[in-house]
Amino acid sequence: MKLIIHGGFFSESSTNQETKKAKQNALSEIVTQGYDYLKTHSALETVIYTVALLENNDLFNAGIGSQIQSDGKVRLSASLMDGKTEKFSGVINVEDVKNPIEIAQHLLTYDDRVLSGDGAQSFARENGFEYFNPITNQRQLEYEAKLNQQNNKGTVGCVALDDEGNLAAATSTGGKGFEIPSRVSDSATVAGNYANKFAGISCTGVGEDITSGALAAKIVTRVTDGFTLKDASDKSFLELKAFDGFAGIIGISAAGEIYHCDSHPHMVWASFDVNLQVFK
């Protein structure tokens, strides 16, 4: 059993050291909770549970504490992929909900598995997801001061390998802040979140760069074709250099390889593979 999570990037400066430490502590607690959950649950159930924990922590840009778009609204995106069934589901730019990853979970049983905007919100309401305002006081202050233009690369994600050898990946984001309303990030696409029987990947960084590089799907495809997870990731990141792509990934292979990689420093992540690791 293996589990790895990320909390996106952060701006490295002396004023952010307290926040950096708080994120490290939160990731340590959440990955430990997630690993304990994995002991008695599937990889799919675990990535949903763990990403929901990340969405419920206002230190991260997903769910509660998500960044605010240029029109003053929060729009959330999240996706889920079951490596066992190779089914993908997600919501894009859904408003006034608490845990978009749980809506993605609900959609996994439908034929129409990716919904956006008003349709996603209507689906959420029809299926018992109540109104919730995810804007925190801190995000509102950042919005009013336009501070989030300086720290706009945050997402959360989780990849799990369960004791039956099944993989799953889940990713959730509140966007980059001050974007054009209804901009679509990578997080609810196979570029940002992908898993099959061979590997699972969750991405963070600049959504447009991750989408241009088809990053998650490309890495998993290379692992499927025989690459190690490290080699598949490293080769894919070399290809991002053609357009100075900004990205980070976490991943696990069916062989048990656990890996993280970023094109720039300061991605926060944590893993649990018998022992706890928290880095950055």
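Read-outs: derived from the displayed coordinates by stated rules, not from any lab. Keep in mind the model is a prediction, meaning the values are calculated, not measured. Every residue, glycine among them, receives a Cβ derived from its backbone with ideal geometry; neighbour counts consider all protein chains shown.
For the chain, averaging the sequence separation of C-alpha pairs within contact (under 8 Å, six or more residues apart) and dividing by the residue count gives a relative contact order of 26 percent. Each of the peptides 22-34, 63-75 was scored by the mean count of other Cβ atoms within 10 Å over its residues; in descending order, highest first, they stand as 63-75, 22-34.
Taking the empirical scaling 2.2 N^0.38 Å for compact globular proteins as reference, the chain has a Cα radius of gyration ratio of 0.90. Would you mind calculating the relative contact order of segment 193-280 from Cα pairs under 8 angstrom and at least 6 residues apart, reporting the percent as a whole number? Normalised by residue count, the contact order of segment 193-280 is 28 percent. Listed by chain and number, the aspartates and glutamates whose alpha-carbon sits under 12 Å from that of residue 39, ignoring those within fewer than 8 places in the same chain, are 162, 163, 164, 273. Any idea which of 140, 97, 22 is furthest toward the positive side of the dipole for the chain, if Lys and Arg beta-carbons carry +1 and Asp and Glu beta-carbons -1? My answer, from the dipole projection, is 22.
Which residue fluctuates the most in the chain, going by a Gaussian network model with Cα springs under 10 Å, if the choices are 188, 145, 232? Most flexible of the set in this elastic network: 145. Distance between the modelled labels on residue 131 and residue 242, one decimal in nanometres: 4.8 nm (7 Å Cα→Cβ projection). Looking at this model, which pairs from 73/218; 21/84; 2/230; 218/241 are more than 24 angstrom apart at the alpha-carbon? Beyond 24 Å between Cα atoms: 73/218; 21/84. As a length-normalised measure over Cα pairs under 8 Å and 6 or more apart, the relative contact order of segment 24-179 settles at 34 percent.
Can you tell me which of 80-87, 129-136 comes out highest on packing, and rank the rest after it, using the mean Cβ neighbours within 10 Å?
80-87, 129-136
Percent of Cα pairs in segment 171-280 per distance bin of 5 Å, from zero to the largest separation: 2, 13, 23, 24, 20, 11, 4, 2, 0.
Based on DSSP, what percent of beta bridges with both residues in the chain are antiparallel, to the nearest 5?
Expressed as a percentage, antiparallel bridges in the chain total about 95.
Under a cut-off of 20 Å between alpha-carbon atoms, report the aspartates and glutamates in cross-link reach of residue 20, not counting same-chain residues fewer than 8 places apart. Result set, ordered by chain and number: 12, 29, 55, 58, 142, 262. For segment 195-216 versus segment 217-258, the spacing of their alpha-carbon centroids is 8 Å.
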